[in-house]
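Shown next, in structure tokens, is the structure this report addresses.
The values are calculated or read from the model by the stated rules, or taken from the named source; none is laboratory data. Just so we're clear, the structure is a prediction, and the values are computed from it rather than from any experiment. Using ideal geometry, Cβ is built from the backbone for each residue, glycine included, and neighbour counts are taken over all protein chains shown. Heavy atoms of the whole protein, side chains included, go into the accessibility calculation; ligands, DNA and RNA do not. Shrake-Rupley method; radii C 1.70, N 1.55, O 1.52, S 1.80 Å.
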Amino acid sequence: MPRPVRVPPGRAGRLALQRRLGAARQGALLLDQQLRVLLTERERIAAQRDSSAAGWAELHRDAERWLLHGVLLSGEQAVDAAAAPVTAQVTVHWRQLMGVRYPDDAQLRVDGPPADAPLPANSALVLARRRYQDALRAAVRQAALETALAVLDGRVVATRRRLRALEQGWVPRLAEALHELELVLAEQEQADNVRLRWAAARR
């Protein structure tokens, strides 16, 4: 059961309620605007995620095809020899929107194999290595977009909850308390007028 709204008695209480009600309505308006902006951004990120996922899958399939060609040409031992160790670095680009910070993009830099690394046995394995690196870059970007969606989804849920609490809870309670106080003040004013008329009539 919600707690009753506490206000000072009399006209000071009415002024306080009017101010609180105005602030609550303004807060609900700002939350609604924030929610619309977040949902628009979420749609943009979701479209990028879907497109990136399709590109990532295609790059992976292409890499698998070239790897199969390389194995057919030179055998599985050639794959182990061509798998030279490399170093990679991921750079994440962040974006800030309506107080929400989330990854907007991520890029992968892969250094070349050591100079003394053996060369792949055939050109298909060279292409396979390049395609796998491309697929890995796409996977890194995909991970950034998935993380961004998760962050935005969490903020959208929280903003909807706060907006619902204002629109369905706090604003109606303040409006009802203000209405009841205005009825009390109107009755008091009417009683005061009656007493003044009685006093004037007696004089």
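Here are the numbers for the structure shown:
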| item | result |
| --- | --- |
| Residue count, the stretch 61-78 (criterion: buried (at least 17 other Cβ atoms within 10 Å of the Cβ), more than 12 Å from Leu127 (Cα to Cα) and under 43 Å from the mean Cα position of the chain (by Cα)) | 0 |
| Complete set of residues in the stretch 50-105 that are more than 22 Å from Arg141 (Cα to Cα) and of a type in the set (Ser, Thr, Tyr) | Ser74 |
| Every residue from the stretch 30-49 that is among the polar types (S, T, N, Q), farther than 26 Å from Val140 by Cβ and touching a residue at least 40 places away in the same chain (Cβ under 8 Å) | Gln34 |
| Scope the stretch 1-57; condition polar (S, T, N, Q), at pLDDT 90 or above and in contact with a Leu (Cβ under 7 Å, 6 or more places away or on another chain); matching residues | Gln48, Ser52 |
| Of the criteria (1) assigned to a helix (DSSP H, G or I); (2) touching a helix residue (DSSP H, G or I) at 6+ places or on another chain (Cβ under 8 Å); (3) over 30 Å from Leu178 (Cβ atoms), which one Asp50 fails | (2) |
| All positions within the stretch 111-129 that are in contact (Cβ under 8 Å) with a residue 40 or more places away in the chain, hydrophobic (A, V, I, L, M, F, W, C) and in a loop (DSSP other than H, G, I, E, B) | Ala121 |
| The listed residue being under 26 Å from the mean Cα position of the chain (by Cα), under 30 Å from Gly22 (Cβ atoms) and part of a helix (DSSP H, G or I), out of Arg137, Arg141, Arg161 | Arg161 |
| Among the candidates Glu41, Glu58, residue that is open to solvent by 80 Å² or more (accessible area, probe 1.4 Å) and not hydroxyl-bearing (Ser, Thr, Tyr) | Glu58 |
| Some residue of the stretch 160-171 being of a type in the set (S, T, N, Q), in contact with a Phe, Trp or Tyr (Cβ under 9 Å, 6 or more places away or on another chain) and open to solvent by 50 Å² or more (accessible area, probe 1.4 Å) | no |
